[in-house]
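*Asks:* Sharing a structure, written as structure tokens. Questions coming.
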Amino acid sequence: MSRSPVLAEVARLAGVSVATASRVLTGRGPASAASRDAVLRVAADVGYVPHPVASRLARGTGTRLLFAVRDSRADILSDPFVTRAATAMAVATEPDGLGVALRRLPLDAAAELDRIAVDRSIAAVVLAGHDSLDTVPIRLRGRLSAIGAGGLDVDSTAGIGALLRHLHAAGRRRIALIGGPSWLAAARVPLRAYTALMRESGLPVRAVVGDFTAVRGRAAARAVLRRWPDTDAIATVSDATALGVLQALNTAGIRVPDDIAVTGFDDIPFAACSHPPLSTATHPVELIAAAAARAALAGEPTSRLFPSHPVLRATA
């Protein structure tokens, strides 16, 4: 099997040093006209193609895209949303010869962002879980995008709103919501949508804080039952939370959807396999992540909502 020629071969055939060949092929640094002609002729003859990572190293433009997730959970990098997004970014950046790195940032991320800003190995950064891009270091401007509030996100108001209206149309009048963490700006969007719909319908607001995990979903469901035992529907902002709710209700001997209807959000593969199959709404994580990676590399941060629509199954 033939292999691609390397820089050292081009230099040898052109009769110059590797350093000179590199300067000619990258366009960075001095070289005589004779050396330049020889290197370019040999490179064309042998079909030399610069390795993308080597080229980025030579230009000092970074070799990896960093996906930085701000969160209080120590295990956030194993969250299904993060792994799905990171995989989509890896696919999107492969043509550029870039790797994708994951990093968890604490809620107070200022010092960590300062360190990231001066890391020359980082070509661009996609942030998730951040309140505003206005607070990031100036050195990150022009190679940064965000997933979540103020950046690229899913239209959770539409997706969760459609599920809530479905619950109301089915006769549910005591609907509780298990939301996201209070520090997360993106979690406030579905909470506002829920609160508005409940008040417009003259229904009580019953909101409990969650964290997008099944463990918290179980605990939150038990809290809902203790505080509002007449609840007839529980809406959540993640499928993982909803699966935890289903577990808690099953343990308590509560029938779904006969006694309490349940809805999720994300439409993960497990949603269709739960018992009973989970009613939820779509969340195009891969499309959002790929768009965020491209925006960061292009230096064109943008704000856009991706559509979400309900997927009705057996739980509601």
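*Asks:* Could you tell me which of the residues 263, 251, 241 is touching a Leu at 6+ places or on another chain (Cβ under 9 Å) and of a type in the set (Ser, Thr, Tyr)?
*Replies:* When all the criteria are applied, what remains is 263.
*Asks:* Check whether at least one residue in segment 190-199 is outside the structural domain of residue 99 (by TED's automatic domain parsing), assigned to a helix (DSSP H, G or I), surrounded by fewer than 18 Cβ atoms within 10 Å (Cβ to Cβ) and within 17 Å of the chain's Cα centre (by Cα), and report yes or no.
*Replies:* Scanning segment 190-199, I find no residue that is outside the structural domain of residue 99 (by TED's automatic domain parsing), assigned to a helix (DSSP H, G or I), surrounded by fewer than 18 Cβ atoms within 10 Å (Cβ to Cβ) and within 17 Å of the chain's Cα centre (by Cα), so the answer is no.
*Asks:* Sticking with this structure for a sec: Residues that are farther than 24 Å from residue 97 by Cβ, at least 1 per element: which helices (runs of 4 or more DSSP H) completely within segment 1-50 meet that?
*Replies:* 7-14, 33-46
*Asks:* What number of residues in segment 289-316 are modelled with pLDDT of 95 or more and either touching a Cys at 6+ places or on another chain (Cβ under 7 Å) or surrounded by 24 or more Cβ atoms within 10 Å (Cβ to Cβ) (or both)?
*Replies:* 6
*Asks:* Take the residues in segment 134-168 that are outside any helix (DSSP H, G or I) and aliphatic (A, V, I, L, M); name whichever of them is surrounded by the fewest Cβ atoms within 10 Å (Cβ to Cβ).
*Replies:* 149
*Asks:* Could you list all residues from segment 83-124 that are farther than 14 Å from residue 297 by Cα, surrounded by 20 or more Cβ atoms within 10 Å (Cβ to Cβ) and not small (Gly, Ala, Ser)?
*Replies:* Result: 105, 113, 116.
*Asks:* Let me ask something else about it. Please give the number of the condition residue 130 fails out of (1) at pLDDT below 95; (2) on the phi > 0 side of the Ramachandran plot.
*Replies:* With (1) at pLDDT below 95; (2) on the phi > 0 side of the Ramachandran plot applied to residue 130, the lone miss is (2).
*Asks:* Tally time: how many residues in segment 269-288 are of a type outside the set (Gly, Ala, Ser), farther than 30 Å from residue 143 by Cα and either touching a residue at least 24 places away in the same chain (Cβ under 8 Å) or surrounded by 14 or more Cβ atoms within 10 Å (Cβ to Cβ) (or both)?
*Replies:* 6
*Asks:* Conditions first: (1) surrounded by fewer than 19 Cβ atoms within 10 Å (Cβ to Cβ); (2) in contact with an Asp or Glu (Cβ under 9 Å, 6 or more places away or on another chain); (3) farther than 17 Å from residue 316 by Cα. Residue 180 passes all but one, so which condition is the exception?
*Replies:* Of the numbered conditions (1) surrounded by fewer than 19 Cβ atoms within 10 Å (Cβ to Cβ); (2) in contact with an Asp or Glu (Cβ under 9 Å, 6 or more places away or on another chain); (3) farther than 17 Å from residue 316 by Cα, the odd one out for residue 180 is (1).
*Asks:* Give the residues of segment 189-209 that are farther than 20 Å from residue 316 by Cα and in contact (Cβ under 8 Å) with a residue 12 or more places away in the chain, sorted by residue number.
*Replies:* Residues satisfying the conditions are 189, 192, 209.
*Asks:* So, one more: For segment 169-189, enumerate the residues that are over 17 Å from residue 222 (Cα atoms) and not in a helix (DSSP H, G or I).
*Replies:* Hits for segment 169-189 are 170, 171, 172, 173, 181, 182, 183, 184.
*Asks:* Then there is this: Is it the case that segment 96-114 has a residue that's of a type outside the set (Gly, Ala, Ser), closer than 23 Å to residue 309 by Cα and in contact (Cβ under 8 Å) with a residue 24 or more places away in the chain?
*Replies:* no
The values are calculated or read from the model by the stated rules, or taken from the named source; none is laboratory data. Source: prediction; values computed, not measured. Note that each Cβ is placed from the backbone with ideal geometry, even for glycine, and that neighbours are counted across all protein chains shown.
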